[in-house]
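Q: Attaching a single structure in structure tokens format; questions to follow.
The values are calculated or read from the model by the stated rules, or taken from the named source; none is laboratory data. All values derive from a computational prediction rather than experimental measurement. For neighbour counting, all protein chains shown are included, and Cβ atoms are generated from backbone atoms with ideal geometry for every residue, glycine included. Ligands, DNA and RNA are excluded from the accessible area calculation, which covers all protein heavy atoms including side chains. Shrake-Rupley method; radii C 1.70, N 1.55, O 1.52, S 1.80 Å.
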Amino acid sequence: LITYKDRLRRFGFEYIEEFFSTMGVKIEVVFGEEPKDTQELVEDLISIITSFAGKIFGMRSHKKTVLVQGVKS
């Protein structure tokens, strides 16, 4: 039992719901979907992009550090 879908999962709720249904579990949503304004959706998108960009640039930074250490040795 959850109040809003996004309290369980922000994106991909249908996948979680399908998975639980194969286990015989039904998700009950009390208030359905909370209406979102455009600003909130933009902020969500920016946070997702920021997260992915951080992971990508973090991996590049690690590769560069390993390369520099290899060249030095």
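Q: So which residues in region 20-39 are exposed (fewer than 11 other Cβ atoms within 10 Å of the Cβ) and modelled with pLDDT under 80?
A: Those that are exposed (fewer than 11 other Cβ atoms within 10 Å of the Cβ) and modelled with pLDDT under 80: GLY32, GLU33, PRO35, ASP37, THR38, GLN39.
Q: A follow-up question, please. Give LYS72, LYS63, LYS55 a once-over and let me know the one that is basic (Lys, Arg) and at pLDDT below 75.
A: Numbers: LYS72 fails: at pLDDT below 75; LYS55 fails: at pLDDT below 75.
LYS63 is the lone residue from the list that is basic (Lys, Arg) and at pLDDT below 75.
Q: Counting only residues that are in a loop (DSSP other than H, G, I, E, B) and of a type outside the set (Lys, Arg), how many does region 27-58 have?
A: Filtering region 27-58 for residues in a loop (DSSP other than H, G, I, E, B) gives 27-28, 30-37.
Pick out the ones that are also of a type outside the set (Lys, Arg) and you get 27-28, 30-35, 37.
Here the count works out to 9.
Q: Looking at region 7-26 only, could you name the residues that are outside any helix (DSSP H, G or I) and within 21 Å of ASP44 (Cβ to Cβ)?
A: Scanning region 7-26 gives ARG9, ARG10, PHE11, GLY12.
Q: Moving to a separate point now. I need a count of the residues in region 1-19 that are open to solvent by 70 Å² or more (accessible area, probe 1.4 Å) and not basic (Lys, Arg).
A: Counting residues in region 1-19 that are open to solvent by 70 Å² or more (accessible area, probe 1.4 Å) and not basic (Lys, Arg) gives 8.
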